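Trainee: Structure in structure tokens, see below.
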Amino acid sequence: MKANRFLIEQYDVNKTYYQQKNFDCGNRVINKFVHSSLKKQVANGFSQAYVLLNSENNGRFSAFYTLSSFKLIASDMLSLSSGSFPRDIPCARLIMLGVENELQGQGIGKKLMADVFHRVHKAAKEIGIYGLYLDADLAAIDFYRTLGFVRLNEESESSTAKMFLSMREIHAAIE
Ligand SMILES: CC(C)(COP(=O)(O)OP(=O)(O)OC[C@H]1O[C@@H](n2cnc3c(N)ncnc32)[C@H](O)[C@@H]1OP(=O)(O)O)[C@@H](O)C(=O)NCCC(=O)NCCS
């Protein structure tokens with residue numbers, strides 16, 4: 001991967017992104033979100049989004065993620081620790097992440113997650129954030145495990161997996 005081929009920038013609702021409407025990461029829900037809801041979500045302040053643009057293809061909208069605030073409750077943490085927690089545990093949440101089909105398997109997902117860690121690391125210096133939470137598609141569980149995430153609902157039959165990485169680990173990875 002050429003170092004400057006891909007640029008990550010904060011999603012700007014006033015900008016038109018080349019091929020955003022044709023974004024395809026192979027996940028129907030995520031594709032539909034990018035085509036129809038991403039702009040509104042950001043404009044309304046429900047999420048911030050970050051996009052990866054391909055400078056070798058007219059700045060094509062090639063990958064993205066969205067972040068928001070979230071709270072876990074103490075019982076969510078039972079499988080992780082017997083320590084005591086307040087009832088509400090403030091977290092950052094990675095809501096959506098997608099890399100377009102043609103670019104998957106080239107380290108872009110990992111690069112975006114490094115960007116997520118830096119932003120959350122920075123935010124946690126300003127406001128209380130205990131860790132990073134996400135609902136993983138079952139097919140993506142191993143991707144997040146390679147990054148250190150643990151599953152909170154191991155026994156669940158849900159179609160998504162609740163996954164978590166503590167701020168302590170994120171700080172340690174960065175500092
Ligand atoms: C999941 C996704 C974001 C990964 O992005 P990517 O650019 O393909 O991943 P990378 O190339 O950076 O891979 C990083 C590592 O994770 C592994 N990995 C990637 N996707 C994986 C998967 N689905 N299952 C297991 N491991 C996976 C890679 O082998 C690689 O391991 P390595 O560092 O040991 O070589 C991408 O495949 C995608 O957009 N999928 C469809 C949408 C989706 O499922 N999003 C997540 C919803 S929660």
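The values are calculated or read from the model by the stated rules, or taken from the named source; none is laboratory data. Note that the structure is predicted; figures quoted are calculated from it, not measured. Positions of Cβ are generated from backbone atoms using ideal geometry, with glycine treated the same way; all protein chains shown enter the neighbour counts. Accessible surface areas use protein heavy atoms only, side chains included; no ligands, DNA or RNA. Shrake-Rupley method; radii C 1.70, N 1.55, O 1.52, S 1.80 Å.
Trainee: For helix 108-123, what angle does its Cα long axis make with the longest principal axis of the chain, in degrees from 0 to 90 and rounded to 10?
Mentor: 60
Trainee: Something else about it: In segment 40-91, which trypsin sites (Lys or Arg not before Pro) fall in coil by DSSP and have 15 or fewer other Cβ atoms within 10 Å?
Mentor: Numbers: sites: K40, R60, K71, R87; in loops: R87.
Those satisfying the criteria are R87.
Trainee: Continuing with this model, one more query. Amide H to amide H under 5 Å from L72: which residues, 5+ apart in sequence or cross-chain, H placed 1.01 Å off N in plane?
Mentor: I89, C91
Trainee: What percent does the relative contact order of the chain come to when contacts are Cα pairs within less than 8 Å and at least six residues apart?
Mentor: Details: 260 pairs, mean separation 31.3, N = 175.
Relative CO of the chain lands at 18 percent.
Trainee: Return the carbon/sulfur percentage of the accessible area of segment 104-150, one whole number, probe 1.4 Å, all protein chains in place. It would help to have the intermediate numbers written out before the result.
Mentor: Numbers: 1360 of 2510 Å².
Carbon and sulfur together cover 54 percent of it.
Trainee: I would also like to ask the following. Under 5 Å between amide H atoms, partner at least 5 residues away or on a different chain: which partners does G131 have, H built in plane at 1.01 Å?
Mentor: Close amide H contacts, sequence-distant or interchain: A92, M167.
Trainee: List, in order, the whole-Hz ³J(HN,Hα) value for each residue of segment 4-12 obtained from phi through the Karplus relation with A = 6.51, B = -1.76, C = 1.60 and θ = phi - 60°; use x for Gly and Pro.
Mentor: 9, 6, 10, 10, 9, 9, 5, 5, 10
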